[in-house]
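Written below as structure tokens is the structure these notes are about.
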Amino acid sequence: MPTPVIIGTFWQVITVKQNWNRSELRECWTLNTQEMKMVQAKSGKTRLGFAVLLKYFLYAKKFPEAEELIALSVLKFLACQLGKDELTFYHYDFTAETAKLHRRQVRLHCGFRTPTAQDAQNLTDWLTAEILPIKNYNPRTIRTMVYNYFQERKIEPFSIKQINRFINSASQEFERHLFEKISSRLTESQKAALDVLVKKREDNNQTEELSFFDLKQGPGKASLNTILIETQKLKKLREIGTSPDLFSGISAQIIKQYSLRTEAETPKEIRSHLPSKRHALLAIYSHNRSMQITDDLIDIFNKLIHKVRTKSERSVREQLLPELTKVNGKPTFLLKIAQATTKQPAGVVEEVIFPIVSQELLQRIIAEDEAQGNYQTRVHKAMSSSYKRHYRRMLKPVLEVLELCCNNPTHQPILKGLQIIKQHLDSKSAYYPEECIFPIKDIMSEAEENIIQDNSGKIKRLDYEMVVLEILRRHLRCKNIWSPGADRYRNPDEDLYSC
């Protein structure tokens with residue numbers, strides 16, 4: 001990796017490395033017949049300097065600047081070909097008229113030309129239109145692109161200081177156009193709502209308005225209270241109306257870049273910006289935070305559903321521990337019973353089996369099996385109790401703010417089940433109406449079907465909700481179901497490369 005050196009306040013990477021092996025020197029720095037004729041036509045004092053300019057330009061497509069160092073191994077290799085001492089190179093004046101003449105001759109030989117003011121404007125326009133809108137590239141990457149830009153057009157690149165100045169100019173122009181474009185798409189009511197986020201507030205002034213400080217706060221630990229706070233925050237953000245249409249034609253990476261930049265500023269600093277810049281930055285941040293909060297809501301929802309199950313399982317295991325006295329060697333006992341019954345198929349149980357496996361041992365095996373069979377039923381009862389008493393309060397606000405979609409027809413019945421739940425959220429009945437058509441067999445196992453139905457076949461409302469929410473959690477985690485307003489839980493088709 002080339003060693004970076006500081007030029008002014010910018011980092012520049014030396015385009016010609018300093019360490020060369022013999023095969024690399026022969027490949028890159030050997031003078032061919034035509035080049036040797038050009039070099040031999042120069043006077044003895046400037047011959048090595050001209051050879052360095054020529055081969056350097058052929059390799060890097062630019063001339064060495066005064067700050068750059070030519071590797072000593074390169075100087076020795078070229079000097080050896082010319083029968084010169086490598087130290088004569090250091091007497092070569094890069095600023096003299098002779099050096100300027102040599103550079104013109106090298107450009108003519110390579111088919112390049114010097115850059116003009118129009119080239120500078122073309123470069124700025126190219127950066128503004130084709131490079132900066134795509135991604136937040138670091139300065140070093142952009143400089144590499146600029147050198148490639150000049151190389152493709154056979155133009156000698158500007159100096160590093162000029163290139164950095166053009167990059168900064170293009171960045172400022174791109175930013176100005178970006179802010180004006182977003183601001184022009186906002187309505188006056190949206191701009192007023194965005195200004196409310198950063199308006200100055202008195203310390204003792206209690207208000208229900210969403211502030212910039214509130215917006216920056218993370219969700220905290222997974223709890224019902226957190227769900228309620230985040231849903232209210234998301235509702236207020238959506239009232240502003242910063243829809244994705246505002247940012248059409250702008251890459252997601254650029255949006256995230258300016259969102260992070262806005263988050264690092266204080267309300268006072270944001271208020272000091274020009275209106276177009278202020279409104280654009282706040283719109284970008286509000287939109288990005290809306291996606292983050294949607295992701296957080298889904299994360300918390302998944303954690304809480306998982307928490308209900310794990311707590312219930314732990315509680316049931318503690319209750320069943322006395323009953324779960326494991327009987328060791330059951331396969332052996334079963335083999336002995338099989339052997340005894342096949343030998344005496346007409347025998348009496350008391351006379352044939354009890355001498356081999358005692359009645360007490362058989363009762364213990366039955367008790368163990370019954371305890372294990374009741375486990376899932378008990379777990380679900382514990383989950384239903386916890387859900388009904390506490391966690392069900394999250395269902396309504398979550399379903400109100402989360403829009404859920406599915407691309408696979410196989411999983412559409414889950415969304416249909418959620419729609420039925422939403423329609424009967426405020427019902428006081430323990431059962432769903434008999435006329436409701438439930439997608440049960442499409443999404444549930446036989447055990448889950450038995451949980452949600454009573455003996456008469458009626459669907460128990462709260463049990464149905466709990467089972468469907470667990471199924472939803474599984475499909476959210478693998479993105480079978482996604483949310484349009486989310487980032488991490490977005491449409492998985494957006495992650496595919498277009499052909």
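The values are calculated or read from the model by the stated rules, or taken from the named source; none is laboratory data. What you see is a predicted model, and the numbers here were worked out from it, not measured in a lab. Every residue, glycine as well, gets a Cβ built from its backbone with ideal geometry; the counts of neighbours run over all protein chains shown.
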**OP:** Return a yes/no flag: does segment 68-81 have any residue that is at pLDDT below 90, surrounded by 13 or more Cβ atoms within 10 Å (Cβ to Cβ), under 49 Å from the mean Cα position of the chain (by Cα) and within 20 Å of ILE167 (Cβ to Cβ).
**Re:** yes
Original post:
Of the residues in segment 204-231, how many are part of a helix (DSSP H, G or I), polar (S, T, N, Q) and surrounded by 15 or more Cβ atoms within 10 Å (Cβ to Cβ)?
Top reply: 2
Original post:
When you go through (1) part of a loop (DSSP other than H, G, I, E, B); (2) more than 22 Å from PHE63 (Cβ to Cβ) one by one for PRO157, which number turns out not to apply?
Top reply: (2)
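Which of the following residues is free of Cβ contacts under 8 Å to residues at least 40 places away in the same chain, buried (at least 17 other Cβ atoms within 10 Å of the Cβ) and not small (Gly, Ala, Ser): TYR92, TYR149? Spell out how you get there, then give the answer.
Details: TYR92 fails: free of Cβ contacts under 8 Å to residues at least 40 places away in the same chain.
That would be TYR149, the only listed residue that is free of Cβ contacts under 8 Å to residues at least 40 places away in the same chain, buried (at least 17 other Cβ atoms within 10 Å of the Cβ) and not small (Gly, Ala, Ser).
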Subject >> Matching entry among THR88, THR128 (being among the β-branched types (Val, Ile, Thr) and within 49 Å of the chain's Cα centre (by Cα)) >> reply: THR128
Original post:
Listed residues ALA338, ALA346; which is outside any helix (DSSP H, G or I) and loosely packed, with under 15 Cβ neighbours inside 10 Å?
Top reply: ALA346
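Going through LYS256, LYS277 one at a time, which residue ends up being of a type in the set (D, E, K, R) and out of contact with any Phe, Trp or Tyr (no Cβ under 9 Å at 6 or more places or on another chain)? Give the steps one after another, and end with the answer.
Details: LYS277 fails: out of contact with any Phe, Trp or Tyr (no Cβ under 9 Å at 6 or more places or on another chain).
From the options LYS256, LYS277, the qualifying one is LYS256.
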Original post:
Given the conditions (1) within 45 Å of the chain's Cα centre (by Cα); (2) modelled with pLDDT under 85, which single one is not true for ASN19?
Top reply: (2)
Original post:
In the list GLU470, GLU494, which residue meets the criterion of being within 34 Å of the chain's Cα centre (by Cα), on the phi < 0 side of the Ramachandran plot and exposed (fewer than 14 other Cβ atoms within 10 Å of the Cβ)?
Top reply: GLU494
Original post:
Any chance segment 84-93 includes a residue that's part of a helix (DSSP H, G or I) and at pLDDT 90 or above?
Top reply: no
Original post:
Got at least one residue in segment 171-181 being closer than 30 Å to LYS62 by Cα, assigned to a helix (DSSP H, G or I), of a type in the set (A, V, I, L, M, F, W, C) and touching a residue at least 12 places away in the same chain (Cβ under 8 Å)?
Top reply: yes
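For segment 115-140, name all the residues that are part of a helix (DSSP H, G or I), at pLDDT below 90 and loosely packed, with under 12 Cβ neighbours inside 10 Å. Walk me through it before giving the result.
First, pick out the residues of segment 115-140 that are part of a helix (DSSP H, G or I): 117-131, 139-140.
Next, from what is left, pick out any that are at pLDDT below 90: 139-140.
Across segment 115-140, there are no qualifying residues.
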Original post:
From ILE421, ILE443, ILE437, which residue is over 15 Å from LEU469 (Cβ atoms), out of contact with any Lys or Arg (no Cβ under 8 Å at 6 or more places or on another chain) and aliphatic (A, V, I, L, M)?
Top reply: ILE437
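Let me confirm something: among LEU476, LEU462, which residue is surrounded by fewer than 18 Cβ atoms within 10 Å (Cβ to Cβ), of a type in the set (A, V, I, L, M), in contact (Cβ under 8 Å) with a residue 60 or more places away in the chain and not in a strand (DSSP E or B)?
Just a single option satisfies the conditions, and that option is LEU462.
Kindly indicate whether ILE255 is under 23 Å from the mean Cα position of the chain (by Cα) and either farther than 26 Å from GLU494 by Cα or in contact (Cβ under 8 Å) with a residue 40 or more places away in the chain (or both).
It is false that ILE255 is under 23 Å from the mean Cα position of the chain (by Cα) and either farther than 26 Å from GLU494 by Cα or in contact (Cβ under 8 Å) with a residue 40 or more places away in the chain (or both).
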Subject >> helices (runs of 4 or more DSSP H) contained entirely in segment 364-454, each with at least 3 residues that are buried (at least 17 other Cβ atoms within 10 Å of the Cβ) and touching a Ser or Thr at 6+ places or on another chain (Cβ under 7 Å) >> reply: 375-389, 395-401
Subject >> Leading residue by the ranking (nearest to HIS109 (Cα to Cα)) among those in segment 15-51 that are assigned to a loop (DSSP other than H, G, I, E, B) and among the charged types (D, E, K, R) >> reply: LYS42
Original post:
If only one of ILE440, ILE459, ILE452 is at negative phi and modelled with pLDDT under 80, which one is it?
Top reply: ILE440
